[in-house]
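First comes the structure, then the notes that go with it.
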Amino acid sequence: MFEAREVDLAGRIGRLHTAHGTIETPAFFPVIDLERQEVSLEDISRLGFRQVITNAYLLLKRYGREPAEKGVHRVLGWDGIVMTDSGAYQILQYGSVDVSLEEIVRYQAEIGSDISVILDIPTGDTDRATAEWSVEETLRRARRALALIRDTKNLWVLPVQGGRYLDLVEKSAREARKIPGYSIYAVGSPTVFLEKYDYYTVLSIVAAAKRNLPPGRPVHLFGAGHPLIIPYAVALGIDMFDSASYILYARDDRVFTSTGVERLDRLHYLPCECPHCSRYTPQELLAMEKRERTRILALHNLCMIRKSIDETKQAIKEGRLWELLEALSHHHPSTYESMHAIVENADYIYRFSPRVRGVVRGVRAYTSRSLANPRLHYYRYRVLGFKYEPRLNNKKTLLLAPYPSDIENCPRPDPASEIYILLYHPVLGVVPSELCGVFPTIHVHWPERAPERGLLSQMVRDVVGYVSRVLERHPEMRVVVDARDPWGVRKDIVADLGLE
Ligand SMILES: [Zn+2]
């Protein structure tokens, strides 16, 4: 049903097989509503989307038995994959729906949707007692629905609830994985946080859920249609997204840009190359008839979402997802916080991120946050943790020197010499001289002429920690610090080691 083909961080490019074909994940499901669809399904298909999501509760209210008789694909006029939601969103908006769990589950099987959701209780942003109830009630309903979903062709989605209470999210996920019969898990109701640009909370919820769900199963994030959060959610292991934001924002004359969401009337230029908006100036669009403008802006917004998905996939292919996240982290304060959520969950990410790749690519490092990049972390873990043993036998002096800016100047190891040269490096911490100029030390690109203060102070801590451990093992060894001082930290190293 689902296979992960390529992995980077905890993100993956996978394949999801459904009754109406296979899609590559991460995938975005545009929310469609037949009653109000300024963007046609042909337009959505032309943009490369093979999948849509619509609301089964609204289908039942408006069309009754017709979709059950004809099939939802024919009613929508869509031969790709159809996911249906159950009315849980309406519960979040209006408090309740006048349909039972049994009724809506049976209906989704009858209309033949490919991916379907039980009638869960979204937590939203609420008090703890209500959140606890939404977790328990969703799990009760998931168990109750089991008899109904058995022997259907649909892939059934079990939402994980708990909202901002991460212990409840963890419990919800742990309990959910014990219930058989569900192919896909989902992280419920992040919309309330997304509207406030609170990506950090959404990603913390995602991480709490993913840590407790079976890693081989696909996980959907409900209502997440901001292009900027997609790469971070994928990095934590989200495979599917859905949202109506592309059309809701368009109706409100708001557009996605590379740095967030902007009102059309505040834009002097449209910095976009998509075929829909690039023919017009913002002024021309504003002068247009409302429905046509909404259509163009919605298509533009979908293009921005697709671009975000494609960039994320390309980064996974190249093993550069961490670097993409770091680059995006300066696009908005919320993405800066998102990067913080990624660093906080690095231990979880390391469980999945491949250590070795076929093609060796350079690692780009910018700030002390970059040090948690798995590709740097593995080196630092090995060397700073003495998993790699420096060749110190018969050496009497440890000479600390800055890593040369030109690898031509790497010291040549001399077995006859009594001096052991240990190089210090603002990204790698320390480099035993025999590793100078070889993989991975030559593959690190960092702003040598403008190093961040945080990188330098971390390096001083790394050097002092490393040398102290060497001296524990070789107390007779003399430590000398080379006079060269390209980063202005020599006096700190000397003072912290108590040398002068
Ligand atoms: Zn555009």
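Any residue at all in region 178-201 that is outside any loop (DSSP other than H, G, I, E, B), away from the ligand (no atom under 16 Å from the Cβ), aromatic (Phe, Trp, Tyr) and without any contact (Cβ under 8 Å) to a residue 40 or more places away in the chain? Checked region 178-201: at least one residue is outside any loop (DSSP other than H, G, I, E, B), away from the ligand (no atom under 16 Å from the Cβ), aromatic (Phe, Trp, Tyr) and without any contact (Cβ under 8 Å) to a residue 40 or more places away in the chain. When the helices (runs of 4 or more DSSP H) confined to region 321-380 are screened for residues that are under 27 Å from Tyr197 (Cα atoms) and open to solvent by 50 Å² or more (accessible area, probe 1.4 Å), those reaching at least 2 such residues are found at 333-344.
Whether any residue in region 165-187 is under 14 Å from the mean Cα position of the chain (by Cα) and either surrounded by fewer than 24 Cβ atoms within 10 Å (Cβ to Cβ) or in the same structural domain as Ala250 (by TED's automatic domain parsing) (or both) is what I want to check. Taking every residue of region 165-187 in turn, at least one turns out to be under 14 Å from the mean Cα position of the chain (by Cα) and either surrounded by fewer than 24 Cβ atoms within 10 Å (Cβ to Cβ) or in the same structural domain as Ala250 (by TED's automatic domain parsing) (or both). The set of residues from region 120-148 being assigned to a helix (DSSP H, G or I), surrounded by fewer than 23 Cβ atoms within 10 Å (Cβ to Cβ) and touching a Gly at 6+ places or on another chain (Cβ under 8 Å) comprises Ala131, Leu146.
Mind checking whether some residue in region 38-46 is over 25 Å from Phe241 (Cβ atoms) and either at pLDDT 95 or above or open to solvent by 20 Å² or more (accessible area, probe 1.4 Å) (or both)? Scanning region 38-46, I find no residue that is over 25 Å from Phe241 (Cβ atoms) and either at pLDDT 95 or above or open to solvent by 20 Å² or more (accessible area, probe 1.4 Å) (or both), so the answer is no. Counting only residues that are under 22 Å from the mean Cα position of the chain (by Cα), more than 16 Å from the ligand (Cβ to nearest atom) and not acidic (Asp, Glu), region 229-262 holds 14 of them. Just one of the numbered conditions (1) surrounded by 24 or more Cβ atoms within 10 Å (Cβ to Cβ); (2) modelled with pLDDT of 95 or more is not true of Leu155: (1).
When Gly225 is tested against (1) more than 13 Å from Ala341 (Cβ to Cβ); (2) more than 16 Å from the ligand (Cβ to nearest atom); (3) modelled with pLDDT under 95, just one condition goes unmet, and that condition is (2). Lys307 - would you say it is open to solvent by 80 Å² or more (accessible area, probe 1.4 Å), within 16 Å of the ligand (Cβ to nearest atom), among the charged types (D, E, K, R) and in contact (Cβ under 8 Å) with a residue 24 or more places away in the chain? Answer is yes for this residue.
Selection of first residues in region 46-73 that are over 15 Å from Arg106 (Cα atoms) and touching a residue at least 60 places away in the same chain (Cβ under 8 Å) and of second residues that are open to solvent by 50 Å² or more (accessible area, probe 1.4 Å) and part of a helix (DSSP H, G or I), restricted to Cβ pairs under 7 Å at least 6 apart or on distinct chains, gives the following pairs, ordered by first then second residue: Leu47/Arg306; Gly48/Arg306.
If you scan region 127-173, which residues turn out to be of a type in the set (Ser, Thr, Tyr) and in contact with a helix residue (DSSP H, G or I) (Cβ under 6 Å, 6 or more places away or on another chain)? Outline the logic, then answer.
Here is the first cut: in region 127-173, the residues of a type in the set (Ser, Thr, Tyr) are 130, 134, 138, 152, 165, 172.
Matches in region 127-173: Thr152, Tyr165, Ser172.
Residues in region 263-302 that are more than 13 Å from the ligand (Cβ to nearest atom) and in contact with a Lys or Arg (Cβ under 8 Å, 6 or more places away or on another chain): Arg263, Leu286, Thr294.
Looking only at residues of region 382-406 that are farther than 14 Å from Pro432 by Cα and not polar (S, T, N, Q), we find that the one that is least open to solvent (accessible area, probe 1.4 Å) is Asp406.
For region 224-256, the set of residues classified as open to solvent by 20 Å² or more (accessible area, probe 1.4 Å) and closer than 26 Å to Leu203 by Cα consists of Ala244, Leu248, Tyr249, Arg254, listed by residue number.
The values are calculated or read from the model by the stated rules, or taken from the named source; none is laboratory data. Fair warning: this is a prediction, and the values are worked out from it, not measured in the lab. Backbone-built Cβ (ideal geometry, glycine too); neighbour counts: all protein chains shown. What goes into the accessible areas is simple: the full protein's heavy atoms, side chains included, and nothing from ligands, DNA or RNA. Shrake-Rupley method; radii C 1.70, N 1.55, O 1.52, S 1.80 Å.
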